[in-house]
Amino acid sequence: MILPYAWKLVTRNPRRTFTYLFGLALAVGLFAGILFFVDVTARQMTATAIAPVKIDIIAHGTKPDVNITDAAPTISMQRGVSAAEPVYAADFQSAVKTNGAHPSPAGRMFAIQPSYLQTFDVLQISEGKFDSSGALISEAMAISQNIKVGDSIQLTFGGVNNPVTLPVTGILNMDNADALFATATEAENAIVSDVVIVDQGWFRANLLQPLTTAASDPNATVIPGFILLDPQVHVRINRDLLPGDPTLAALHAESLRRGVERLFPGQLKSSDNLSGAFKAAKGDVLSAKILFIFLGLPGVALAAYLSKFAAELFAESQRREISLLRTRGATPAQITSIVAVTSVFLAIGGSLLGLLFGILALYASAGAQVTAALNPFASTFDWNLFTNSAGIAFLAGLVLTFLAAFLPTFGALRREITQERRTVRRVEAEPFWKRSYLDFILIGFAIISLYITQLNGGFKPSGNEGAAITLSLYIFLTPFFAWTGLTLLVLRLVEKGLSASSNQIGGFFRRLFGEIGEVAGKSLARRAARISAAVTIIALTLSFGVSLALFQKTYTNEKQLDAQYVVGSDLRFTPALNTPQNADFTTQLQLPGVVSVTGVARDPLALVGSEKNTVYGIDVVSFSKTAYLPDSFFVDGNAPQTIDAMTNRTTNYAPGSAKQVLDALANTPNGVIISVEQAEKYNIRVGDPVLLRLYNRSTNQYTDVQTQAVGLFIYFPTSAQDSDFIINRDFMVKSSGYEAMNYFLIKTDGKPQTIASLTSDLTAQYKNVMPVRIQNIDTVVKTESSSLTSLNLGGLGAMERLYTIVVVSMGLAIFLLAMINERQREFGAMRALGANLNHLRRFLFTEALAIGGLSLVIGVGVGILLARLLVLLLGVIFTIPAHTLSWDWLGLTTLAAFVVAGMILSVGITARRLSTLKVVEALREL
Amino acid sequence: MSNLFPDTVLHTSALRREYAVGRESVVALGGVDISIQKGEFVAIMGPSGSGKSTLLNILGGLDRPTSGKVILDGHDLSAYNEEELAAIRRQKMGFIFQRHDLFPVLTARENIEFPMLLNDTSLEERRKQSTQLLNLVGLAEKADSLPEELSGGQQQRVGIARALANAASLLLADEPTGNLDSATSEDIIDSLIALKQSHNLTLIMVTHDSEVAAHADRILQLKDGHLIAGNGSAK
């Protein structure tokens, strides 16, 4: 009996059912959309984290005679593996250029098959080509020995009687080759700078046998870190099959690694290069989840409150229905069962609809790159990706229904039957939060929490360069308290403001809508509690759209700034090593669209004390015009504040300016500007002499160079990783004897299309002339920084904006409809007394204008405040911390325009409701 | 008594009202002919579902008959649209509801002034008239009270005063004493009759209270939508 009756309650009250389903679906949809977005982002972040990993698994032979030539194809056929290449590694004791006088220290030879260069993006030939009878050498080796393509080198191996001689057919860029040096043990990679790559066929013919014998000799002297012969299989896994969650992906990769070992038990020991990346990604994904959920959850809370509000539209009639059932003899247990079953139907329907909204919201907001990967018909589609989130969102819908639709009936069941049958408005006591001033208490907590955070130095990334940045929940305490406190404070102030200004409000609306406007205005002021609730919901929903739009713009700008910092300017043009550069090479780069060019010299082998440091040489005049140089990069090295900070190892430096520091460098030919980090390490102050030892490539000797510290910086736009000492370029060239520039920075008008077209023009210009590498701010990848800085906030922002517009419009419509619903008798009486539709509409417009206007003003104000708070707390996740908001005027104006349009539409729909009001029915006695 | 009411204010002929309830049709009024003269106090009585309120709503232009005519001051109400009927109600009629239906967020004075406001009466004139009406119903000291601060009887008095705003000549009252105790009801009826006489009002009242109806000049008895007693015409 109960099931069919409950079903009829749902299906035969279409207006009530639809309103509740839609309200619930809105809340569940936003929640589900955010969770799905987090899942997709987690997948992207995992992919971003492992993108720099060039070799996924390296399986080392446990013995020198392991047959890797046969092992590789077997491994490549395993499920989950997309490719496997056999590689031999062997250290040479020395290498010397034929007719050269200076042998290099020990280095490493890798013997690869030609296909290796296509399979793995590890080795980049910057000059020459791979030849089966020749050798490729690393840039560092080419510099140190002054070897060019066409020269020959002689290599000496331990255990091999005669040295081998090979022609150099190419020079390699080893920037991405760290993974080649992964050892079979857990020890950190020991990167070797002198590297030779040869064809595996040549290696087998010339070196394999003697090296195998030497390595197999039990009496052979084992030098720690020195490899006699290491047969390896380099494995690339199919990343499309990796789960999106980094924890699961790590398990998957580990399982593959163990599977590789099991294929050749006892013969292979594999190391997994992905685990470190997954570990970093785990922290980042958790932080991203916290960030996204924090940014999105208030919107969900507001949408949930709105759905509760929608449920209350029909609560009165539901209560009277229940009271009638009780009058007819239904027991509380029976009524509870009916309401429970009805609630379950509504919950299931609303939650399923909400999940659909969530998927649609994700598709609408996440962008083509994401949605292209979300094809449920593809074999690689990960159904598990959304299962957990869908389950959580569905449960949330059930809980919300329980709270909004089911619980209130218990109150009704407890009250007297006759009391429930009355339609007189209840007088409600002042809520607890108001009596206890909870709003002020929470705002106080927010201030205290912020103060404590700032006292502790604020939120800072870890001190180690390259370490992952994580977010912990505690940093969100401040905005959580602030938001909750502000919500309640807005409610209090609006209510108080409205109540206290009844005459002023009446006067204002009289000027707008005539005499009836005054009555409507006074009526509004006297219903302050109800109005303030509507204003609070709508204003805070709007505030989250505004705050996220501002935060997103700031975040995007900071991403851009970080990229500019890494590149140094709009483009960085790096010709291959040893490329002859004419004196007018800089002029050759002045293509249409180029504003200025500056060449940067680099000495990667310079010594400060006994430590190797990279020193850069710049031409201050052209560098100042070309490079990205915000004042925030520099500190005032002479200021006592800076000296104190350096002494006490704080970061409270006195701010400096680019002009001040670079002018000092320009005016001091032997000047050097130093990073504060290195200055603290070497205990250098401005004015101190600094001895540098620059490497002269002509003489292969070091030249001692006396410089003088003239300025300090926090960041310098040359290379993000290693720019700590900057001197004048002319001084460097004179000292090093090397005139060619390492790379050139190019400044354009900044437009993305100019940068893109210049990139392709330069690529085409030098395609068959010299190998070049061109980076621009779009293509740079920050390999050492947290992927927290590469989040797609745009997608979340788009979803939140969509929901802001929908929830604000729906909120106003629901409130106005509720107003008409609750006051049907009043409107009926007005009609009976002779009010026409125009009169009634002016009542509606008065309330709509008051709610809409107040919500817009408060929403924008609170939104700006919240965005400021978020930037203050989260700005430091970037290398260059954000300190101010970036204003997206177009985005804000568009958002405001859509919100206003949505409000107007809501008012139009509710005005239509007024015109269908039947006086007789409105005045009918129940 | 018959010669006391020479002018016909309201006249209906073959007034019929049907409602569709699901697939069936319910006849609320099955052809009613009545005639009400100026200054008359007519009580409409009958059991629940007899069509009393339906008849009153149609007479007041709040509802439209399925067939038949309603002539008010010589004008056929069926010729007017909703907005024109609202204007007629505003200018000629006053409504008194069983539940008072005062606007809860307006004071007693503001409630009384509301119909005048709809008629674009000036503020000064509204104040003057509302003060007069408050005095008339004996509530001058309650002018600034909200309805929740007034007793049931006081609220109904404000309702009566509101009905008299805009110098309405025809009062339509639907169970005006239905929610009041007997003493207060007596009081209200006495007030209405006094006002009727002093302002030469025509009063049509739906009531189930025979004691109230006893004050009327004429009683119309309805049953199942038909007039079963009480001549539809004035005595």
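Could you list all residues from the stretch B:31-49 that are modelled with pLDDT under 90, under 28 Å from residue A:827 (Cβ atoms) and open to solvent by less than 60 Å² (accessible area, probe 1.4 Å)?
None; the set is empty.
If I go through the stretch A:724-754 residue by residue, how many of them are crowded, with 19+ Cβ neighbours inside 10 Å and at positive phi?
Selection size over the stretch A:724-754: 0.
Return the pair list, or none, for Cβ contacts closer than 8 Å from residues in the stretch A:354-372 that are at positive phi and in a loop (DSSP other than H, G, I, E, B) to residues that are at pLDDT 60 or above and open to solvent by 10 Å² or more (accessible area, probe 1.4 Å), at least 6 apart or on different chains.
Matching pairs, first to second residue: A:367/A:792; A:367/A:794.
Any residue at all in the stretch A:24-44 that's surrounded by fewer than 21 Cβ atoms within 10 Å (Cβ to Cβ) and of a type in the set (Lys, Arg)?
There is no residue in the stretch A:24-44 that is surrounded by fewer than 21 Cβ atoms within 10 Å (Cβ to Cβ) and of a type in the set (Lys, Arg).
Looking only at the stretch B:34-56, filter to residues that are closer than 16 Å to residue B:15 by Cα and among the hydroxyl-bearing types (Ser, Thr, Tyr); which one of those is farthest from the other protein chains (Cβ to nearest Cβ)?
B:35
Could you go through the stretch A:701-714 and let me know if any residue there is touching a Lys or Arg at 6+ places or on another chain (Cβ under 6 Å), assigned to a strand (DSSP E or B) and either of a type in the set (A, V, I, L, M, F, W, C) or on the phi < 0 side of the Ramachandran plot (or both). Even if it seems obvious, please write down each step before you answer.
Within the stretch A:701-714, the first condition is being touching a Lys or Arg at 6+ places or on another chain (Cβ under 6 Å), and the residues that meet it are A:702, A:704.
Narrowing further to those that are assigned to a strand (DSSP E or B): A:702, A:704.
Now drop any that are not either of a type in the set (A, V, I, L, M, F, W, C) or on the phi < 0 side of the Ramachandran plot (or both), which leaves A:702, A:704.
There is at least one residue in the stretch A:701-714 that is touching a Lys or Arg at 6+ places or on another chain (Cβ under 6 Å), assigned to a strand (DSSP E or B) and either of a type in the set (A, V, I, L, M, F, W, C) or on the phi < 0 side of the Ramachandran plot (or both).
Is there a residue in the stretch A:837-852 that is within 25 Å of the chain's Cα centre (by Cα) and modelled with pLDDT of 80 or more?
No, there is no match, as no residue in the stretch A:837-852 is within 25 Å of the chain's Cα centre (by Cα) and modelled with pLDDT of 80 or more.
Would you confirm, using the coordinates I've provided, whether residue B:166 is at positive phi and crowded, with 17+ Cβ neighbours inside 10 Å?
Considered against the rule, which asks whether it is at positive phi and crowded, with 17+ Cβ neighbours inside 10 Å, residue B:166 comes out as yes.
Of the conditions (1) closer than 21 Å to residue A:230 by Cβ; (2) surrounded by fewer than 17 Cβ atoms within 10 Å (Cβ to Cβ); (3) not charged (D, E, K, R), residue A:133 satisfies every one except a single condition; which number is it?
(1)
Select from the stretch A:484-499 the residues that are basic (Lys, Arg) and under 22 Å from residue A:299 (Cα atoms) and list them in ascending order.
Within the stretch A:484-499, A:492 is the sole residue that qualifies.
Would you mind telling me which numbered condition in (1) at negative phi; (2) buried (at least 21 other Cβ atoms within 10 Å of the Cβ) residue B:136 fails?
That leaves (2) as the condition not met.
Being under 19 Å from residue A:513 (Cα atoms), within 11 Å of another protein chain (Cβ to nearest Cβ) and part of a helix (DSSP H, G or I) is the filter here, so list the residues in the stretch A:814-841 that pass it.
Those that are under 19 Å from residue A:513 (Cα atoms), within 11 Å of another protein chain (Cβ to nearest Cβ) and part of a helix (DSSP H, G or I): A:827, A:830, A:831, A:837, A:838, A:839, A:840.
When residues of the stretch A:877-926 are filtered for being assigned to a helix (DSSP H, G or I), touching a Ser or Thr at 6+ places or on another chain (Cβ under 8 Å), surrounded by 18 or more Cβ atoms within 10 Å (Cβ to Cβ) and at pLDDT 80 or above, how many remain?
Count: 5.
From the list B:94, B:39, which one is among the small types (Gly, Ala, Ser), touching a residue at least 40 places away in the same chain (Cβ under 8 Å) and assigned to a strand (DSSP E or B)?
Selected residue: B:94, the only one of B:94, B:39 that is among the small types (Gly, Ala, Ser), touching a residue at least 40 places away in the same chain (Cβ under 8 Å) and assigned to a strand (DSSP E or B).
Going through the stretch A:542-570 one residue at a time, which ones are hydroxyl-bearing (Ser, Thr, Tyr) and open to solvent by 10 Å² or more (accessible area, probe 1.4 Å)?
Passing the criteria: A:556, A:565.
Identify the residue in the stretch B:57-114 that is among the β-branched types (Val, Ile, Thr) and more than 12 Å from chain A (Cβ to nearest Cβ) and, among all such residues, is surrounded by the most Cβ atoms within 10 Å (Cβ to Cβ).
Taking the stretch B:57-114 first, the residues among the β-branched types (Val, Ile, Thr) are B:58, B:66, B:70-71, B:88, B:96, B:105, B:107, B:112.
Now drop any that are not more than 12 Å from chain A (Cβ to nearest Cβ), which leaves B:66, B:70-71.
On the way: B:66: 14, B:70: 21, B:71: 16.
Residue satisfying both the conditions and the ranking: B:70.
Within the set of pairs 6+ apart or on separate chains, which have a first residue in the stretch A:263-290 that is β-branched (Val, Ile, Thr), a second that is in a loop (DSSP other than H, G, I, E, B), and C-beta atoms under 6 Å apart?
Going by the 6 Å Cβ cut-off, the qualifying pairs are A:290/A:471.
Against the condition touching a helix residue (DSSP H, G or I) at 6+ places or on another chain (Cβ under 9 Å), open to solvent by less than 40 Å² (accessible area, probe 1.4 Å) and acidic (Asp, Glu), how does residue A:826 come out, does it pass? Before the answer, list the steps.
Numbers: touching a helix residue (DSSP H, G or I) at 6+ places or on another chain (Cβ under 9 Å): yes; open to solvent by less than 40 Å² (accessible area, probe 1.4 Å): yes; acidic (Asp, Glu): yes.
The answer is yes for residue A:826.
Looking at residue B:211 and the list (1) more than 14 Å from every other protein chain (Cβ to nearest Cβ); (2) buried (at least 16 other Cβ atoms within 10 Å of the Cβ), which single condition is not satisfied?
In the conditions (1) more than 14 Å from every other protein chain (Cβ to nearest Cβ); (2) buried (at least 16 other Cβ atoms within 10 Å of the Cβ), residue B:211 misses (2) alone.
If you go through the stretch A:68-81 one residue at a time, how many are under 32 Å from the mean Cα position of the chain (by Cα) and either in a strand (DSSP E or B) or hydroxyl-bearing (Ser, Thr, Tyr) (or both)?
Count: 1.
Quick one: which residue in B:20, B:14, B:28 is within 14 Å of chain A (Cβ to nearest Cβ) and surrounded by fewer than 17 Cβ atoms within 10 Å (Cβ to Cβ)?
B:20
For the stretch A:602-634, what are the residues that are β-branched (Val, Ile, Thr) and open to solvent by less than 50 Å² (accessible area, probe 1.4 Å)?
Matches in the stretch A:602-634: A:608, A:614, A:615, A:618, A:620, A:626.
Might you check whether a residue that is open to solvent by less than 10 Å² (accessible area, probe 1.4 Å) and modelled with pLDDT of 85 or more occurs anywhere in the stretch A:455-478?
no
Quick check on this structure: which one of B:151, B:122 is within 13 Å of another protein chain (Cβ to nearest Cβ), open to solvent by 30 Å² or more (accessible area, probe 1.4 Å) and more than 17 Å from the chain's Cα centre (by Cα)?
So the residue among B:151, B:122 that is within 13 Å of another protein chain (Cβ to nearest Cβ), open to solvent by 30 Å² or more (accessible area, probe 1.4 Å) and more than 17 Å from the chain's Cα centre (by Cα) is B:122.
Output yes when any residue across the stretch A:609-617 is within 34 Å of the chain's Cα centre (by Cα), assigned to a helix (DSSP H, G or I) and within 30 Å of residue A:142 (Cβ to Cβ), and no when none is.
No: zero hits.
Which residue, of A:346, A:356, is within 25 Å of residue A:21 (Cβ to Cβ) and surrounded by fewer than 18 Cβ atoms within 10 Å (Cβ to Cβ)?
Exactly one residue qualifies, and that residue is A:356.
Return the residues of the stretch A:82-101 that are under 37 Å from the mean Cα position of the chain (by Cα) and surrounded by fewer than 20 Cβ atoms within 10 Å (Cβ to Cβ); say none if nothing qualifies.
A:82, A:83 - these are the residues of the stretch A:82-101 that are under 37 Å from the mean Cα position of the chain (by Cα) and surrounded by fewer than 20 Cβ atoms within 10 Å (Cβ to Cβ).
Can you find, within the stretch A:507-540, the residue that is most open to solvent (accessible area, probe 1.4 Å) among those that are assigned to a helix (DSSP H, G or I) and at the interface with another protein chain (Cβ under 8 Å from one of its Cβ atoms)?
So, considering only residues that are assigned to a helix (DSSP H, G or I) and at the interface with another protein chain (Cβ under 8 Å from one of its Cβ atoms), the one most open to solvent (accessible area, probe 1.4 Å) is A:526.
The values are calculated or read from the model by the stated rules, or taken from the named source; none is laboratory data. Because the structure is predicted, anything quoted here is derived from the model rather than measured. Don't worry about glycine lacking a Cβ; one is built from the backbone with ideal geometry, like all the others, and counts go over all protein chains shown. Quick note on the areas: whole protein, heavy atoms, side chains included, nothing else; ligands and nucleic acids left out. Shrake-Rupley method; radii C 1.70, N 1.55, O 1.52, S 1.80 Å.
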